[in-house]
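Enquirer: Sending over a structure as structure tokens; questions will come in a sec.
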Amino acid sequence: MLRTTSIFLALAIQASLTLAFPSGPPNSACEDRTPSHGVPPQTSEPPYEFDVHYHDDHFDVAIIADSGAFLGFMMQAVDSNGNLVGHFQPKDSKSQVMTCDHTDDSITHANAEAKDAVYTAFYLPDGLSADGVVVRATVVQNYATFWNNMESIDLGEIDPHH
């Protein structure tokens, strides 16, 4: 009986932890994209990568799993001073925009389903150079395993108007 209770309790805790923020992080994550999971982020290289391309008037930004899926993510674009810039637009149903400093300046997961990739569009404000702008991301593999140190290349390096 004790073993059954222990197994049930462990499964219940894991389920509640996995579903803590199934439809995106709280606003408290805006400052540094760190989940309030009570565990430190991973310091190893993440098993995910950015794929960034310039397309017409925006950047196509994707996070792609090298191996294994992920449950959650949060992306923001920052200038060389660390200020949030631009706005995102989801390109699939796995993503939704979030407002931290200004409208749609962040993008996050829309559900807790496993994802192999997410695709978004990022728009710079008119007149702002892409030089020094990078996309930063946190990717959550599971409740206790996440990376908040992902950073794209400088968008100025791929902007044809550079």
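Each value in this text was obtained by applying a stated rule to the coordinates, not by laboratory testing. As the structure is a prediction and not an experimental result, all values here were calculated from the model. Don't worry about glycine lacking a Cβ; one is built from the backbone with ideal geometry, like all the others, and counts go over all protein chains shown.
Enquirer: Listing Met150, Met75 from the residue with the fewest other Cβ atoms within 10 Å to the one with the most, what is the order?
Expert: Met150, Met75
Enquirer: Could you calculate the contour length gain from Ser67 to Asp126, that is, 0.36 nm times the residue separation minus the distance between their Cα atoms, to one decimal place in nm?
Expert: 17.5 nm is the gain from fully extending Ser67 to Asp126.
Enquirer: When the chain is fully extended, how far beyond the present Cα-Cα distance does Asp51 get from His161, taking 0.36 nm per residue of separation?
Expert: Computed gain between Asp51 and His161 is 37.7 nm.
Enquirer: If a/c stays under 1.5 just call it rounded; otherwise compare a/b with b/c (prolate if a/b is bigger, oblate if not). Do that for the stretch 85-162, with a ≥ b ≥ c from the square roots of the Cα gyration tensor eigenvalues.
Expert: Because a/c hits 1.5 or more and a/b exceeds b/c, the stretch 85-162 counts as prolate.
Enquirer: Still on this structure, I have one more. If a paramagnetic tag sat 7 Å from the Cα of Gln89 along the Cα-Cβ line, which residues of the stretch 44-65 would have the backbone N under 14 Å from that point?
Expert: In the stretch 44-65, the label zone of Gln89 (backbone N under 14 Å from the point 7 Å along Cα→Cβ) covers 55-61.
Enquirer: At Asp60 and His102, where each label point lies 7 Å from the Cα along Cα→Cβ, what is the point-to-point distance in nanometres?
Expert: 2.6
Enquirer: At Asn81 and Val39, where each label point lies 7 Å from the Cα along Cα→Cβ, what is the point-to-point distance in nanometres?
Expert: So the label points at Asn81 and Val39 sit 3.8 nm apart.
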